[in-house]
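The values are calculated or read from the model by the stated rules, or taken from the named source; none is laboratory data. For clarity, every value in this text was computed on a predicted model and none was experimentally measured. Cβ: placed from backbone, ideal geometry, glycine included. Neighbour counts: every protein chain shown. We work out accessible area using only protein heavy atoms, side chains counted, and drop any ligands, DNA or RNA first. Shrake-Rupley method; radii C 1.70, N 1.55, O 1.52, S 1.80 Å.
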Amino acid sequence: MANRNILLIEPGYRNKYPPLGLMKLAQYHGPNGKNDNVRFVKGEDQSVRDTPWERIYITTLFSFEWERTARSIDYALDLVGGQAHRVFVGGIAASLMHNAYISEPRWRGVRFIKGLLGDAPAVSLQLDPFEDELYSDDVDGTPIEDLVPDYSILPHIEYQYPVSDAYFTYASRGCVRKCAFCGVPALEGTQRDTNALSVVVEGVARLYGEKRDLILMDNNVVASANFRDIISEIIDLGFKRGAKLKRGRSELQRRVDFNQGVDARILCRDPMYLRELARIALKPLRIAFDHLGLKKPYSQAIRFAAEAGIRDLSNYMLYNFHDSPADLFERMRLNVTLNEELGIRIFSFPMRYQPVTRPDRGHVGKNWNPYYLRSMQVVLQATHGIVSGAPDFFRTAYGDTFEEFESILFRPHHYIFNRFWYEQFGGKTEFEAFEAEMEALSDGERSELLEFLCSRDKSLYEQDLSVLAAGRLRDAARFFVPIPKEEEVRIWAERKRLKVEDINPLLVPDDERVEDAALTDHDIQPTSSHRLGHVRTAPALA
């Protein structure tokens, strides 16, 4: 039954890593597997309309990308003429929001796969032998989750993943924690080790050539009882500290990245963990710092890292959960203190919490408000999602005290994004007038203004000003009315002419940045120049 046409679709969102699940599915169906004709596309690529597809697989990622994912599902159904049994959807969002997907009437009959493809292919894919479905007899084959990812599909699309020259794999799955904000317990369950790393690394190298980096997607690798063995295996695979890959006449510095971060509560127990991590080509060391209650173990873990000679660090900072803006500021500010004291380099990446089953970005934590959340996103857009521990960078972007930070959050958003323009250049007079108006407001008036900003879309500010009392309150509110597009263009042209750059965005290489699709809302859609070719896919269809 070979030579069937199989289509793999990744919705048109921005993402840092290639779709590992689809890469494993491509391996299952491709020339090293069932020998089908496999095609991989991103977004709703119209060039595949003329092909009769036997089966279509769609991966999902962030739950708040519901609309983009829905477009891909509708598009797939259109491609197969409404034959829903030919469409399979899996991955993170499809697992965490399983009931929402299967409850959608227009998708009745689509196979929504929950969790990993860890059983025999026919079982994982819910194939019905009585309907004589394609490969429904494959009840003893290697689980798709355990296959080597197929890298040959990646050149078939124009989208460039910031990280692609790497082995993508796991040393462990699941986690010993059950954090209320995290979807890992539902997706992967409790902590357990996976197959040997060498199976994937050597398999990828044999089929697709050696890769420079090793990206481990583990959720909590330091919790593994075999942690030291994992480190030794990484070294044996050619990723010891300082390792280089010879490629032609060039030598490339290799890199190991536990991209989901490691657990400060375990690292702080014994300097052994950091000494072991210092033996490999780790860059950066990522440590989660999700709330202020972790301040003591986080600080101790950073000190152990510095003692072990690890100088490049990165961390995730969850916000908009149970924290407050003051909590977030104190965590960010701590990294400045540690940077200066220890002579290290820490970059933080604040990650806005959204419930894992919510289809949009609209969640507002009990200690935040909608306007401050939008302001925080504008700050992060201006800094490319980065909080540097360098004092000058931090003070420029976030202020030196919480009062300064809150003042920034309360600014009109065009003042935040064009910080230097309004503070030092052509917009200075206007900005000073704004500050004077805000200074004149009473605490009650400031609260009323903030409530006004939180309760409506910014496009309605100007037409709704009449709900505010005439006088200084309404005068202050006028500064928050978004500037016209032509004015934005003029400011950017003047900034370019005067070489005004608010904050240097090039402090962190793209492959070290943290994936946060919430920072952008742009569609990635294909062009007519996409190339055809065989493809491979992956485990949770993700």
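Things worth noting here:
- Exactly one residue among Tyr135, Tyr159 is assigned to a loop (DSSP other than H, G, I, E, B), of a type outside the set (D, E, K, R) and in contact with a helix residue (DSSP H, G or I) (Cβ under 8 Å, 6 or more places away or on another chain), and that residue is Tyr135.
- Count - residues of region 191-214 that are closer than 16 Å to Asn32 by Cα and buried (at least 18 other Cβ atoms within 10 Å of the Cβ): 2
- Of all residues in region 281-327, those being at pLDDT 95 or above and among the acidic types (Asp, Glu) number 3.
- Residues in region 13-25 that are farther than 21 Å from His85 by Cβ and modelled with pLDDT of 95 or more were compared, and the one that is surrounded by the most Cβ atoms within 10 Å (Cβ to Cβ) is Pro19.
- Within region 453-478, the set of residues being open to solvent by 10 Å² or more (accessible area, probe 1.4 Å), within 13 Å of Pro370 (Cα to Cα) and assigned to a helix (DSSP H, G or I) comprises Cys454, Lys458.
- Within region 99-124, the residues that satisfy the criterion of being closer than 22 Å to Ser136 by Cβ and either in a loop (DSSP other than H, G, I, E, B) or modelled with pLDDT under 95 (or both) are Arg108, Gly109, Val110, Ile113, Lys114, Gly115, Leu116, Leu117, Gly118, Asp119, Ala120.
- Residue in region 331-350 that is touching a strand residue (DSSP E or B) at 6+ places or on another chain (Cβ under 9 Å) and among the small types (Gly, Ala, Ser) present: yes
- Test result for Pro31, surrounded by fewer than 22 Cβ atoms within 10 Å (Cβ to Cβ) and touching a His at 6+ places or on another chain (Cβ under 8 Å): yes
- Residues of region 142-161 classified as open to solvent by 30 Å² or more (accessible area, probe 1.4 Å) and over 15 Å from Leu20 (Cβ atoms), total: 5
- Boolean, Ser63 is under 30 Å from Ala171 (Cα atoms), free of Cβ contacts under 8 Å to residues at least 24 places away in the same chain and surrounded by 21 or more Cβ atoms within 10 Å (Cβ to Cβ): no
- Filtered by the rule that a residue be surrounded by fewer than 21 Cβ atoms within 10 Å (Cβ to Cβ), of a type outside the set (Val, Ile, Thr) and in contact (Cβ under 8 Å) with a residue 12 or more places away in the chain, region 356-370 gives Arg358, Pro359, Asp360, Arg361, His363, Gly365, Lys366, Asn367, Asn369, Pro370.
- Boolean, Gly43 is touching a residue at least 40 places away in the same chain (Cβ under 8 Å) and surrounded by fewer than 23 Cβ atoms within 10 Å (Cβ to Cβ): yes
- Among the residues of region 498-518, at least one is under 19 Å from Thr429 (Cα atoms), at pLDDT below 90 and more than 31 Å from the chain's Cα centre (by Cα).
- Annotation note: Cβ proximity below 7 Å between a residue of region 108-125 that is farther than 15 Å from Leu187 by Cβ and of a type outside the set (Asp, Glu) and a residue that is in a loop (DSSP other than H, G, I, E, B) and open to solvent by 30 Å² or more (accessible area, probe 1.4 Å) (sequence gap 6+ or interchain) occurs for Arg111/Gln126; Ala120/Val139; Ala120/Asp140; Ala122/Asp137; Ala122/Val139; Val123/Val139.
- Candidate set from region 371-402 (those that are among the β-branched types (Val, Ile, Thr) and assigned to a loop (DSSP other than H, G, I, E, B)); member that is surrounded by the fewest Cβ atoms within 10 Å (Cβ to Cβ): Thr401
- Leu313 being within 19 Å of the chain's Cα centre (by Cα) and in a helix (DSSP H, G or I): no
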